[in-house]
1. Just add up the charged neighbours of Leu22: K/R +1, D/E -1, any other residue whose Cβ is under 15 Å from the Cβ of Leu22.
2. Largest first, please: the extent of the C-alpha atoms of segment 68-179 along each principal axis, to the nearest Å.
3. Given a Förster radius of 35 Å and the C-beta distance between Gln40 and Tyr240 as r, what FRET efficiency does 1/(1 + (r/R0)^6) yield to the nearest 0.05?
4. Take the residue pairs Lys75/Lys191; Lys43/Lys79; Lys24/Lys202 and return only those whose Cα atoms are more than 32 Å apart.
5. Within 10 Å, Cβ to Cβ, of Met1, how many net charges do the neighbouring residues add up to if Lys/Arg are +1 and Asp/Glu are -1?
6. Would you grab the residues whose amide H sits under 5 Å from the one on Ser62? Only those 5+ places off in sequence or on another chain, please, with H modelled 1.01 Å from N.
7. Translational diffusion coefficient, Stokes-Einstein: compute it for the chain using the Kirkwood radius over C-alpha pairs as Rh, at 10 °C and 1.306 mPa s, and state it as an integer in µm² s⁻¹.
8. Please give the length that would be gained between Lys191 and Phe117 if that part of the chain were fully extended, namely 0.36 nm times their separation in residues minus their C-alpha to C-alpha distance (nm, one decimal).
Amino acid sequence: MKIAIVTGGTKGIGKAIVLKYLEKGCYTIIIYSNDDVTAQALKSELDVQYKNKYEIIKSDLSNIEKVKNTCNIIKNNHKKFDYLILNAGVTNRNGFDVLTIDEWNYIMNVNLTMPFFLVQNLSDYIVRGGKVIFIGAVMGIYPHAVSIPYAVSKAGLHMLSKQLVKHLSPHGITVNTVVPGFVDTLWQKDKPLEQRKRIENKIALKRFAVPEEVAQLCWDISQNDYVNGSLLKIDGGYCYE
Ligand SMILES: NC(=O)c1ccc[n+]([C@@H]2O[C@H](COP(=O)([O-])OP(=O)(O)OC[C@H]3O[C@@H](n4cnc5c(N)ncnc54)[C@H](OP(=O)(O)O)[C@@H]3O)[C@@H](O)[C@H]2O)c1
């Protein structure tokens, strides 16, 4: 049985990825940080169909010691795994004038720094033919009025995935980044309707993606051995001008 690790797997895009890999027969290791109620609800949902086919680990992946501990737990329990999907991400919409160094560092840690150290700590345990998939964002490609550290962290993540190709390809492991535009998760649901309409008007397909569409692309990449070092945009034809 193939094994997948999904960070931020309890909600939104990460949950859709978890469901996709379980549906395809993978044992799935799910990591989240804070929201125990949602994690418990997911557990109840998964137990109906996938009991003993998954595990859930609570760990704050903004912290290097917790990242190392989590990797050790995984390495102690599993000799090898196949898919590493680095999806956990956070944003902060505080403006240019008020953003603090702690807020900046937190976003960089979760979105960029710790994904690197997760790969560094786990890469020896990924099988030949294994796949590392990062979840980037179109905000890391196009400049935007808000969320400066988010955009910068995602731009860094896009480059990180390309950098890692040289290190992991000799081991038979591909590295790619799925780059969503706007996806209907809780993250987007608190946006005022007007703002949402403005965004939809910049999307050729005139709608946000659903998380399952992003999850399907992750799965498709994990079934293809020749896609490597790519940023795969899934944004419905977003044009920011
Ligand atoms: N939604 C969009 O429109 C969109 C667009 C482009 C890219 N993306 C990217 O897609 C990814 C998922 O987004 P989403 O909208 O599905 O987000 P979401 O609904 O907010 O879910 C985020 C997940 O990440 C986990 N997480 C957050 N901080 C963490 C930490 N420090 N350690 C471990 N886990 C942590 C959360 O766990 P807890 O809830 O327990 O904290 C949750 O499971 C992110 O990387 C995001 O940047 C999203």
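None of the figures in this text is laboratory data; all of them are computed from the coordinates on show. Everything numeric here is computed off the predicted structure, so don't read it as measured data. Counting neighbours? That spans all protein chains shown, and the Cβs are built from the backbone with ideal geometry, glycine included.
1. Numbers: positive: Lys2, Lys15, Lys20, Lys24, Lys43, Lys51, Lys53; negative: Glu23, Glu45, Asp47, Glu55, Asp82, Glu212.
My count for the surroundings of Leu22 gives +1.
2. Cα extents, longest axis first: 48, 27, 16 Å.
3. Details: r = 39 Å, r/R0 = 1.10.
The computed FRET efficiency comes out at 0.35.
4. Details: Lys75/Lys191 40 Å; Lys43/Lys79 24 Å; Lys24/Lys202 34 Å.
Listed pairs above 32 Å: Lys75/Lys191; Lys24/Lys202.
5. Values: positive: Lys2, Lys53; negative: Asp82.
Cβ neighbours under 10 Å give a net charge of +1.
6. For Ser62, whose amide H was placed from the backbone, there are no distant partners under 5 Å.
7. Numbers: Rh = 18.2 Å.
Using the Kirkwood radius from Cα pairs, D works out to 87 µm²/s.
8. Between Lys191 and Phe117, full extension yields 23.4 nm more.
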